[in-house]
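Enquirer: Quick one: this structure, given as structure tokens, is what I'll be asking you about.
The values are calculated or read from the model by the stated rules, or taken from the named source; none is laboratory data. Quantities reported herein were computed from a predicted structural model and do not represent experimental measurements. Positions of Cβ are backbone-derived with ideal geometry, glycine not excepted, and every protein chain shown enters the neighbour counts. Only protein heavy atoms, including side chains, enter the accessible area calculation; ligands, DNA and RNA are left aside. Shrake-Rupley method; radii C 1.70, N 1.55, O 1.52, S 1.80 Å.
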There are 2 protein chains.
Amino acid sequence: MKRDKLIFIVFGIAAIVVGLLASSVVDRKYEVTVQKISPMGEIKDFEADNSKWAKNFPLQYESYLKTRDGASKSDQLEQDPALVILWAGYGFSKDYNAPAGHAYAIEDIQNTLRTGAPKTAKDGPMPNTCWTCKSPDVPRVMAEIGPEAFYKGKWASRGHEVTNAIGCADCHDAKTMELTITRPALIEAFDRRGLDINKVSYQEKRTLVCAQCHVEYYFKGKGKYLTFPWDKGLGVEDMEKYYDEAAFKDWTHKLSKAPMLKAQHPGYELWQKGIHGKRGVSCVDCHMPYAAKGGVKFTDHHARSPLENVNNSCQTCHRQSEEELISNVNSLKKTVKDLKVKAEESLVRTHLEAEHAWKNGAKKEDMKEILTLIRHSQWRWDMAVASHGGYFHAPEETLRVLGTSIEKSKNAQILLERLFGKLGVATPIKLADVSSKKKAQKYIGLDIEKLKKEKEEFKKVQVKKWMKKK
Amino acid sequence: MKRDKLIFIVFGIAAIVVGLLASSVVDRKYEVTVQKISPMGEIKDFEADNSKWAKNFPLQYESYLKTRDGASKSDQLEQDPALVILWAGYGFSKDYNAPAGHAYAIEDIQNTLRTGAPKTAKDGPMPNTCWTCKSPDVPRVMAEIGPEAFYKGKWASRGHEVTNAIGCADCHDAKTMELTITRPALIEAFDRRGLDINKVSYQEKRTLVCAQCHVEYYFKGKGKYLTFPWDKGLGVEDMEKYYDEAAFKDWTHKLSKAPMLKAQHPGYELWQKGIHGKRGVSCVDCHMPYAAKGGVKFTDHHARSPLENVNNSCQTCHRQSEEELISNVNSLKKTVKDLKVKAEESLVRTHLEAEHAWKNGAKKEDMKEILTLIRHSQWRWDMAVASHGGYFHAPEETLRVLGTSIEKSKNAQILLERLFGKLGVATPIKLADVSSKKKAQKYIGLDIEKLKKEKEEFKKVQVKKWMKKK
């Protein structure tokens with residue numbers, strides 16, 4: 001009877017396993033049902049409080065909150081002190097960290113030394129335009145007063161109004177949940193190019209909602225009107241020409257006195273030049289791919305590098321192992337870094353040599369061509385690296401642009417060498433030691449400790465007040 | 001009865017169609033059967049006459065013969081006169097055409113001005129090593145006398161022995177038909193790197209048979225021993241270091257006097273750096289993909305650009321349309337060309353300025369660093385472009401290398417500018433007009449008409465004799 005007993009036990013176990021499986025299926029069905037029968041709560045138009053959307057979209061909201069996870073915010077100036085010299089006289093030389101997630105947007109802009117420590121609404125280095133990409137409060141306020149009025153005035157004047165970090169209402173219509181373009185600058189840029197942004201496909205919108213912010217832009221005129229410089233095209237040379245013809249500069253370089261351009265984060269423009277862009281793979285496909293939980297498929301709102309999520313992003317199309325795919329990306333990164341470092345070294349030398357020329361009696365007309373070469377060289381370098389992902393989105397274009405950056409800064413050095421000859425200055429010039437963040441910031445005359453202290457005071461007083469009003 | 005008649009007609013037509021289809025199937029089966037029952041003819045070891053292999057492998061041979069089709073042989077010096085200056089003092093400045101197919105190998109090397117017009121077996125500019133990649137006669141003769149004896153002596157001394165164009169015995173064993181490495185240089189290069197070429201997979205062999213010739217190589221020592229400079233690695237910088245430590249130069253530049261390196265056709269090395277190489281896609285997969293004829297699947301021996309055969313090559317893996325795939329490749333080509341042209345312009349200027357420095361009293365020690373920069377800059381440019389397909393095989397590496405080429409030639413120009421100051425030479429230097437092949441060849445002192453005339457005489461007398469002996 002031993003055998004009968006064994007069969008009995010096996011059957012018993014099998015029954016339990018089947019029962020558990022069935023229960024799991026029922027569970028999932030239950031979750032789906034709950035989701036389906038939950039009444040949709042009313043969300044008011046331009047609702048900027050992301051948590052208000054959470055009741056209707058718990059999975060999306062839950063994943064969005066993860067954009068607070070694992071942000072290194074590592075100090076880029078520490079890691080690459082050349083940046084301090086390249087941005088001398090501009091905010092980025094004070095403070096520049098690795099990008100953190102969407103949910104950090106408000107506290108990051110409050111905390112960075114770049115926005116200064118304004119004591120009143122009329123104080124500080126930055127205009128209100130700086131808020132544009134930081135919060136769903138922006139479309140809310142813009143809907144009331146229009147973009148022109150929004151951009152005007154100092155950044156401190158709207159700190160009390162813009163308090164919710166990038167979230168739902170930046171890309172979604174509160175009534176229909178449809179993807180929607182909330183920022184006028186993108187719509188206007190399309191318009192000037194004769195394109196109607198309302199006539200794009202759903203798949204294109206999955207890129208364009210990101211292109212509201214992850215683009216090159218500038219603050220136009222006295223009203224600091226947010227504008228994309230796309231009228232002549234989206235290429236590096238097209239935008240350079242646009243800026244040259246507009247005689248626009250972001251700032252005057254503190255050492256070389258060159259009229260500089262700061263590339264912002266031209267992710268959209270570079271993506272277009274690469275193979276993923278050409279194949280119509282959208283930003284969302286890789287940075288916010290579909291996920292499943294409790295039987296429900298949803299868009300993962302934990303916007304992040306696909307390298308942290310290879311199985312849901314890359315491997316949807318690519319059959320290689322995670323290890324191989326990551327190694328391919330790292331190989332591109334290494335290749336691009338080689339030229340990037342060369343471009344930076346050359347630019348640092350050029351700025352310092354130009355400074356030396358001014359100090360030794362160079363005239364404005366001696367420097368004109370040199371300064372234009374510096375402007376163009378740094379613009380190209382910055383365009384190649386500022387969007388971070390360029391080395392992957394469009395490695396060929398990124399490398400091409402870095403190559404032309406090197407060509408131009410070297411051409412400036414040739415002219416400087418000639419000028420030194422004319423001025424009777426001995427060459428090669430012995431360059432100052434700017435090999436660490438500290439040394440470089442000291443060289444360009446920044447008192448970082450003072451700035452930090454002022455910032456702490458600002459956070460204690462102003463920011464506290466702003467966030468209370470919320 | 002009209003309807004019955006119609007049905008009758010339709011049935012009749014259907015019967016004919018079925019009959020035709022059946023006949024086609026039978027036909028194909030017949031072809032396959034014929035192929036299978038044809039007795040394999042004996043082919044002797046190292047059989048260099050490709051037509052002798054044709055009886056056993058008619059489809060392969062027939063497709064091989066197509067390598068004579070559509071060769072443009074377009075004049076690259078005409079299209080890009082900078083090349084004449086870059087190669088001044090070296091054979092390539094005389095004559096350089098777009099590559100033609102394998103079946104042209106012998107007549108091309110006989111016809112090019114680069115091999116000169118030797119009148120005797122001891123005459124002429126090139127050694128026998130030049131034959132190494134041109135013919136299946138080479139492994140045949142090497143099997144008799146060994147590689148060392150083969151390489152020795154002037155190119156004209158073996159013209160009567162090497163008469164069959166690249167073909168079957170270059171890559172196949174006559175008895176087993178297995179892919180086989182017939183050229184010692186590749187085996188030796190693997191050996192020096194501690195690798196056993198006999199232990200590679202079949203798929204790797206589908207690349208390595210091509211890597212016998214489509215690589216960077218040089219003629220080592222007085223015996224002009226064919227050698228691959230891979231001992232330190234296959235990267236551009238690795239090989240540059242190898243050559244520097246060996247104090248090797250291919251020639252002394254006629255204008256700048258720089259100790260130059262000529263990159264040959266480093267297709268294999270660059271392929272490794274790109275995504276197709278990393279994925280293990282072999283040369284044969286794209287350049288000689290499978291084809292089918294008469295129900296028989298065979299390797300298409302019409303080795304050519306995959307762009308002429310997108311459906312059998314690219315589309316085996318890529319699902320995009322032919323039009324889209326070709327446009328992607330052309331976009332890479334355009335991106336790389338932008339930096340290539342900049343690298344060439346910069347190098348031309350550097351050679352001409354260096355020439356000017358010599359003419360104005362520059363000393364050897366003034367020029368040392370400048371000439372090293374020129375050597376390295378041109379090596380990198382040449383490595384990036386000489387294999388033709390680099391822009392596609394490894395666009396990122398190609399662009400990186402071009403970027404470093406520009407950096408180095410510009411650094412040379414900075415030093416030249418300093419030197420001109422020291423020599424009291426006014427700058428900028430007005431460069432000679434070398435904007436056409438004719439002007440450039442005249443500038444570097446070539447009498448092309450004379451060379452052409454001598455070549456014609458050589459063909460009438462020597463080549464006729466050589467080919468008769470066949």
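Enquirer: Between A:Lys460 and B:Glu148, what FRET efficiency follows from the Cβ-Cβ distance if R0 is 60 Å, with the result rounded to 0.05? Working shown, then result.
Expert: Values: r = 83 Å, r/R0 = 1.39.
With a Förster radius of 60 Å, E is 0.10.
Enquirer: Working out 0.36 nm times the residue gap between A:Gln320 and A:Asp173, then minus their Cα-Cα distance, what length gain in nm do you get to one decimal?
Expert: 49.2 nm
Enquirer: Next question. Using the crude model of +1 on Lys and Arg Cβ and -1 on Asp and Glu Cβ, and no other charge, please compute the dipole size for the protein assembly as shown relative to its Cα centre, in debye to 20.
Expert: So the dipole magnitude of the protein assembly as shown works out to roughly 860 debye.
Enquirer: Sort by residue number and report every cysteine in chain B with no other cysteine beta carbon within a distance under 4.7 Å.
Expert: B:Cys130, B:Cys168, B:Cys171, B:Cys286, B:Cys314, B:Cys317
Enquirer: With each pseudo-label sitting 7 Å past Cα toward Cβ, what's the A:Glu345-A:Asp75 distance in nm, one decimal?
Expert: The modelled label-to-label distance comes out at 2.4 nm.
Enquirer: Kindly identify region A:288-353 as rounded, prolate or oblate by the Cα gyration tensor criterion: order the square roots of the eigenvalues as a ≥ b ≥ c, call it rounded if a/c is under 1.5, otherwise compare a/b with b/c, prolate if a/b is larger, else oblate.
Expert: Verdict is oblate for region A:288-353.
Enquirer: Placing the label point 7 Å from Cα along the Cα-to-Cβ direction, what are the distances from B:Glu324 to the equivalent spots in the other copies, shortest first, in nm to one decimal?
Expert: Copy-to-copy label distances for B:Glu324: 2.2 nm.
Enquirer: Once amide H atoms are built 1.01 Å from N in the peptide plane, which residues 5 or more positions from B:Lys220, or in another chain, come under 5 Å H to H?
Expert: Under 5 Å from the amide H of B:Lys220: B:Tyr225, B:Leu226, B:Thr227.
Enquirer: Oh, and also: When the convex hull of the C-alpha atoms of chain B is computed, what volume per residue in Å³ does it have?
Expert: For chain B, the hull spanned by Cα atoms encloses 194 Å³ per residue.
Enquirer: Given contacts defined as C-alpha pairs under 8 Å and at least six residues apart, what's the relative contact order of region A:72-186, whole-number percent?
Expert: 23
Enquirer: Counting only protein heavy atoms and using a 1.4 Å probe, what share of the accessible area of chain B belongs to carbon plus sulfur, as a whole percent? Provide the component values of the computation, followed by the final result.
Expert: On the way: 13010 of 23410 Å².
So the carbon and sulfur contribution to the accessible surface is 56 percent.
Enquirer: Please work out the FRET efficiency for the pair B:Glu204 and A:Glu308, using the Cβ-Cβ distance as r and a Förster radius of 25 Å; give the result to the nearest 0.05. Please list the in-between numbers first.
Expert: Numbers: r = 34 Å, r/R0 = 1.36.
Efficiency, rounded to the nearest 0.05: 0.15.
Enquirer: In region A:89-149, which trypsin sites (Lys or Arg not before Pro) are in a loop and have at most 13 other Cβ atoms within 10 Å, using DSSP for the loop call?
Expert: A:Lys122
Enquirer: Right, here's the next one. Projecting each Cα onto the charge dipole of chain A (Lys/Arg +1, Asp/Glu -1 at the beta carbon, about the Cα centre), which of A:Gly294, A:Leu352, A:Phe46 comes out farthest on the positive side?
Expert: So the residue furthest toward the plus end is A:Leu352.
Enquirer: Among all the aspartates and glutamates, which ones have a C-alpha under 17 Å from B:Lys430's C-alpha, if same-chain residues fewer than 8 places away are not counted?
Expert: List returned: B:Glu345, B:Glu353, B:Glu355, B:Glu417.
Enquirer: What are the trypsin sites (Lys or Arg not before Pro) within region A:213-290 that DSSP puts in a loop, where the Cβ has at most 10 other Cβ atoms within 10 Å?
Expert: On the way: sites: A:Lys220, A:Lys222, A:Lys224, A:Lys232, A:Lys241, A:Lys249, A:Lys254, A:Lys257, A:Lys262, A:Lys273, A:Lys278, A:Arg279; in loops: A:Lys222, A:Lys224, A:Lys232, A:Lys249, A:Lys254, A:Lys257, A:Lys262, A:Arg279.
For trypsin sites (Lys or Arg not before Pro) across region A:213-290 that sit outside H, G, I, E and B with at most 10 neighbouring Cβ atoms in 10 Å, the list reads A:Lys222.
Enquirer: Quick one: order B:Tyr61, B:Tyr268, A:Tyr243 from most to least accessible surface, probe 1.4 Å.
Expert: Details: B:Tyr61 50, B:Tyr268 25, A:Tyr243 0 Å².
Largest accessible area first, the list is B:Tyr61, B:Tyr268, A:Tyr243.
Enquirer: Pairs of alpha-carbon atoms within less than 8 angstrom and 6+ residues apart define the contacts here; what relative contact order does chain A have, in percent?
Expert: Relative contact order, chain A: 18 percent.
Enquirer: When the helix-only estimate is applied to the protein assembly as shown (DSSP H runs of n ≥ 4, each -39,500 (n - 2.57), divided by the residue count), what is the mean residue ellipticity at 222 nm, nearest 500 deg cm²/dmol?
Expert: Calculated from helices alone, the mean residue ellipticity at 222 nm is -15500 deg cm²/dmol.
Enquirer: Continuing with the same structure: Buried by at least 10 Å² relative to the chain on its own: which residues of region B:322-369 qualify, computing accessible area with a 1.4 Å probe on protein heavy atoms?
Expert: B:Glu324, B:Asn328, B:Ser331, B:Leu332, B:Thr335, B:Asp338, B:Leu339, B:Lys342
Enquirer: Need the C-alpha centroid separation for region A:176-245 versus region B:149-211, integer Å.
Expert: Computed from Cα coordinates, the inter-centre distance equals 57 Å.
Enquirer: I'd like the FRET efficiency for B:Lys122 and B:Phe248, computed as 1/(1 + (r/R0)^6) with the beta carbon distance as r and R0 of 25 Å, rounded to 0.05.
Expert: 0.50
Enquirer: In the structure displayed, which of A:Lys273/B:Lys333; A:Lys154/A:Lys455; A:Lys410/B:Lys437 lie more than 20 Å apart, Cα to Cα?
Expert: Going by Cα-Cα distance, A:Lys410/B:Lys437 fall outside the 20 Å limit.
Enquirer: Rounded if a/c is under 1.5, else prolate if a/b is larger than b/c, else oblate: which is the protein assembly as shown, with a ≥ b ≥ c the root eigenvalues of its Cα gyration tensor?
Expert: Note, shape of the protein assembly as shown comes out oblate.
Enquirer: How high is the relative contact order of region B:177-295, given as a whole-number percent (alpha carbon pairs under 8 Å, six or more residues apart)?
Expert: 25
Enquirer: Ignoring ligands, DNA and RNA and using a 1.4 Å probe, state the total buried accessible area between B and A in Å², rounded to the nearest 100.
Expert: Its buried surface, counting both partners, is about 2700 Å².
Enquirer: Roughly how many Å² is the accessible area per residue of region A:64-189, as a whole number, for a 1.4 Å probe? Please list the in-between numbers first.
Expert: Details: 4780 Å² over 126 residues.
Heavy-atom accessible area per residue stands at 38 Å².
Enquirer: Here is a further query. Between copies, how far apart are the B:Ile16 label points? List them in nm, one decimal, shortest first, with each point 7 Å from Cα toward Cβ, please?
Expert: Result, one decimal in nm: 7.5.
Enquirer: Label-point separation (nm) for B:Met467 and A:Thr299, each offset 7 Å from Cα along Cα-to-Cβ?
Expert: Taking the two extended label points, one gets 6.8 nm.
Enquirer: What order do you get for A:202-209, A:64-71, A:152-159 when each peptide is scored by the mean count of other beta carbon atoms within 10 Å, highest first?
Expert: Details: A:202-209: 17.9, A:64-71: 16.2, A:152-159: 20.4.
Per-residue Cβ counts within 10 Å, averaged per peptide and sorted highest first, yield A:152-159, A:202-209, A:64-71.
Enquirer: Which one of B:His102, B:Met142, B:Thr112 is farthest out on the positive end of the charge dipole of region B:98-144, using unit charges on Cβ (Lys, Arg +1; Asp, Glu -1) and the Cα centre as origin?
Expert: My answer, from the dipole projection, is B:Thr112.
Enquirer: What are the label-to-label distances in nm, one decimal and shortest first, from A:Glu78 to the same spot in the other copies, with labels 7 Å along Cα to Cβ?
Expert: 6.3
Enquirer: To make sure I understand the rule: partners must be aspartates and glutamates, Cα under 14 Å from the Cα of A:Lys464, and not fewer than 8 residues away in the same chain. Which ones qualify?
Expert: A:Glu107, A:Glu161, A:Glu456
Enquirer: Need one number: nm distance between label points at A:Asp238 and A:Ala292, each 7 Å from Cα along Cα→Cβ, rounded to one decimal.
Expert: My value for the distance between the label points is 4.1 nm.
Enquirer: Per residue of B:412-423, what is the mean number of Cβ atoms on other protein chains within 10 angstrom of that residue's Cβ?
Expert: 4
Enquirer: About its Cα centre, what dipole magnitude does region A:340-412 give when the only charges are +1 on Lys and Arg Cβ and -1 on Asp and Glu Cβ, stated in debye to the nearest 20? All intermediate terms of the calculation are to be shown ahead of the outcome.
Expert: Details: 12 positive and 11 negative charges, 27 e Å.
Using Cβ point charges on Lys, Arg, Asp and Glu, region A:340-412 gives about 120 debye.
Enquirer: Using the heavy atoms of the protein chains and a 1.4 angstrom probe, tell me the accessible area per residue for region B:422-470 in square angstrom.
Expert: That works out to 74 Å² per residue.
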